[in-house]
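Take a look at the structure set out below.
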Amino acid sequence: MIQEIQQLMRELPTESTQQAVGYPTLFTLVALGSLVPVVPTGALVSSAAVVAFHQTSPLSLLIVFLVASGAAFLGDICLYWLGQRGVRSKNGSKWLSAITRRAAPERLAQAQEKLTDHGGTVLVLSRLIPAGRIPVMLACLLSRMPLRQFARGDVPACLAWAATYQLIGILGGSLFPEPWQGVVAAIALTLLISGAPAVWRRLRARFGPGADGATR
């Protein structure tokens, strides 16, 4: 597997071709990943940052940052607008139902409490915490937050999100001489960060004080 990735990276097209194809592809995939949970957007941004780190153009990393944050913002706004239509509709909508299914009841309750206490600033943290974006977005929808207010809070959230995952990519790119090595390291780190909270919650549910037999 590693040898195949190494060979693929060595056979990459020229830098100008990578940029002409890579930036639109990155924008499309990040925007799509903000709408549907089938694209690992964090890993995409980190991988793109690794490649940009090894390029000669001084603006490559800046462009990756702008493309990633802009695509994330567009995806969030589209999803929120679709969710608003469901909230206003008597029969709901498939998009609102999809958002609701992706938000665990306990996470939604926490998001609603934080939204009440901190207002729109909670949006910034929601994008930095794995699996935190959808519960907070649903809490905003249920509180009937206007789209304009949501957008104001989502701008710094998307900027902070893009910067965080780009820093992971820069770290991976700086630790290894070959781009493919940095890409592998960045993907592994982003997957670890994304999956750690879910693993921790399962361990707490299984071995925590409330687990079966723990208090017997």
Report whether or not Ala49 is among the small types (Gly, Ala, Ser), crowded, with 21+ Cβ neighbours inside 10 Å and either within 16 Å of Arg133 (Cβ to Cβ) or without any contact (Cβ under 8 Å) to a residue 40 or more places away in the chain (or both). no
Subset of region 32-46 [assigned to a helix (DSSP H, G or I) and surrounded by fewer than 20 Cβ atoms within 10 Å (Cβ to Cβ)]: Leu32, Leu35
Name, by its number, the condition in (1) buried (at least 18 other Cβ atoms within 10 Å of the Cβ); (2) under 15 Å from the mean Cα position of the chain (by Cα) that does not hold for Gly86. (2)
Candidate set from region 89-105 (those that are in a helix (DSSP H, G or I) and open to solvent by 80 Å² or more (accessible area, probe 1.4 Å)); member that is modelled with the lowest pLDDT: Lys94
Name the residue, out of Leu115, Leu108, Leu141, Leu125, that is open to solvent by 70 Å² or more (accessible area, probe 1.4 Å), of a type in the set (A, V, I, L, M, F, W, C) and assigned to a helix (DSSP H, G or I). Leu125
Just wondering, is there one or more residues in region 177-188 that are at pLDDT 85 or above and surrounded by fewer than 20 Cβ atoms within 10 Å (Cβ to Cβ)? no
Residue within region 30-41 that is within 19 Å of Leu147 (Cα to Cα), over 11 Å from the mean Cα position of the chain (by Cα) and polar (S, T, N, Q) present: no
Any idea which residue in region 52-83 is farthest from the chain's Cα centre (by Cα), counting only those that are of a type in the set (Val, Ile, Thr) and open to solvent by 30 Å² or more (accessible area, probe 1.4 Å)? Thr56
So Arg102 clears everything in (1) in contact with a helix residue (DSSP H, G or I) (Cβ under 6 Å, 6 or more places away or on another chain); (2) without any contact (Cβ under 8 Å) to a residue 60 or more places away in the chain except one condition, right? Which one? (2)
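The values are calculated or read from the model by the stated rules, or taken from the named source; none is laboratory data. None of the values given here were measured: they were computed from a predicted structure. Note that we place each Cβ from the backbone using ideal geometry, even for glycine, and neighbour counts take in every protein chain shown. Ligands, DNA and RNA are stripped out before the accessible areas are found, and what is left, the full protein with its side chains, is counted by its heavy atoms. Shrake-Rupley method; radii C 1.70, N 1.55, O 1.52, S 1.80 Å.
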